[in-house]
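S.K.: Starting off with a structure, shown below.
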Amino acid sequence: MESRSKKLSTEERRHSRATEGELLSNMTMSQKFSVNSLIQYGYHFAFTRGSEHGTLAVLLCGNSVATVDEQGEINTSPGLSLRPYN
């Protein structure tokens, strides 16, 4: 019997929106504090991105992008290329 993975495909993940609570559950306490600080400056939490270095939180404010790594370090010039979404 073939087992089915419960993971969503890349296409399914791109078209679904996680709740803020779901996004926060994947972050460290340091990330949560830094994300909250950026939100106070007008950023909104867009998504998290997993990498070989851990989970990266991505926030947007107009055309500005900021990231927060697992240690809570904020990078306001991350050089990420983002696809347009609506």
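The values are calculated or read from the model by the stated rules, or taken from the named source; none is laboratory data. Remember, it's a predicted structure, so these values are computed and weren't measured experimentally. In this analysis, Cβ positions are derived from the backbone assuming ideal geometry, glycine residues included, and neighbour counts consider all displayed protein chains.
S.K.: What number of residues within region 62-72 are outside any loop (DSSP other than H, G, I, E, B) and touching a strand residue (DSSP E or B) at 6+ places or on another chain (Cβ under 9 Å)?
M.R.: Residues meeting the conditions: 4.
For (1) at pLDDT 90 or above; (2) outside any loop (DSSP other than H, G, I, E, B); (3) in contact with a Leu (Cβ under 7 Å, 6 or more places away or on another chain); (4) hydroxyl-bearing (Ser, Thr, Tyr), each residue gets a yes or a no:
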position: ARG49; (1), (2), (3), (4): no, yes, yes, no
position: LEU60; (1), (2), (3), (4): yes, yes, no, no
position: ARG83; (1), (2), (3), (4): no, no, no, no
position: ASN86; (1), (2), (3), (4): no, no, no, no
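S.K.: Go through region 32-47 and give me each residue that's of a type outside the set (A, V, I, L, M, F, W, C), surrounded by 19 or more Cβ atoms within 10 Å (Cβ to Cβ) and within 15 Å of GLU70 (Cα to Cα).
M.R.: SER34
S.K.: Related question: Among residues belonging to region 48-68 that are of a type in the set (A, V, I, L, M) and within 17 Å of SER25 (Cα to Cα), point out the one that is farthest from the chain's Cα centre (by Cα).
M.R.: This residue is VAL68.
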